[in-house]
Amino acid sequence: MLIPGVQPDHWSLSCEARQLRDEGFEVEPFLAAVERLKDADFSDPEVRARADRMLSGDHGLQRKPGTERWEPSDWPALQGFAESAGVQAPPKGRERAERLRGAWVGRAAGCYWGKPLEGVRRHEWVRLAAESGLTPLRRMLHTLDVSGPVGAEIAARHWGLGRFLPDILPHAPADDDLNYCLLALTI
């Protein structure tokens, strides 16, 4: 999917290919085009325009027979679809409360851990992790991890990297991923 203002890269094209495959499309032509851009310079306007077209959603690919999908959107249809697919009924009582609590704690922890890296592209994270010795990842980022030249360069482009590190901000900042979920629960 093309996201305005976000520069595409080889990784985002590969994700698009996986999504198209999962949706039942014949992806071989798309994969071949992705492979041709493997070592491309995505800051080049011509390469970027090609990648933008590839992510625009109009791929001209054919679906494999039998992969057409029907996705219900109203509640009774969703329930019927889940039952026909063998989805188990949700737990009740204490088990339900424990699962919900675990889901919220996991969501909040993920938002807190991910906030410093909001918007950081994978290739930037790989460079930062290599410079700071964070591979494999075994702890959260700290101020010292972004104090080298690569960290400073990336932090200059991404507002959260220098502001939301746990040794600077010892509490979870507001996060739209949590806010929207809470809003949905209250409506």
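Structure above, values below:
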| item | result |
| --- | --- |
| Selected residue (criterion: modelled with the highest pLDDT) from residues of the stretch 15-62 that are small (Gly, Ala, Ser), loosely packed, with under 14 Cβ neighbours inside 10 Å and assigned to a loop (DSSP other than H, G, I, E, B) | Ser43 |
| Every residue from the stretch 74-102 that is more than 22 Å from Leu182 (Cα to Cα) and assigned to a helix (DSSP H, G or I) | Pro76, Ala77, Gln79, Gly80, Phe81, Ala82, Glu83, Ser84 |
| Residues of the stretch 153-173 classified as in contact with a His (Cβ under 8 Å, 6 or more places away or on another chain) and under 21 Å from Arg121 (Cβ atoms), total | 1 |
| Residues of the stretch 141-159 satisfying the condition of being in a loop (DSSP other than H, G, I, E, B) and at pLDDT 80 or above | Leu141, His142, Ser147, Gly148, His158 |
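Each row is one residue, and each column tells you yes or no for (1) at negative phi; (2) loosely packed, with under 13 Cβ neighbours inside 10 Å.
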residue	(1), (2)
Phe81	yes, no
Ser84	yes, yes
Ala97	yes, yes
Gly106	yes, yes
Ala109	yes, yes
Gly133	no, yes
Met140	yes, no
Val146	yes, no
Gly160	yes, no
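The values are calculated or read from the model by the stated rules, or taken from the named source; none is laboratory data. Because the structure is predicted, anything quoted here is derived from the model rather than measured. Because the Cβ atoms are built from the backbone with ideal geometry, glycine has one as well, and the counts that use them run over all protein chains shown.
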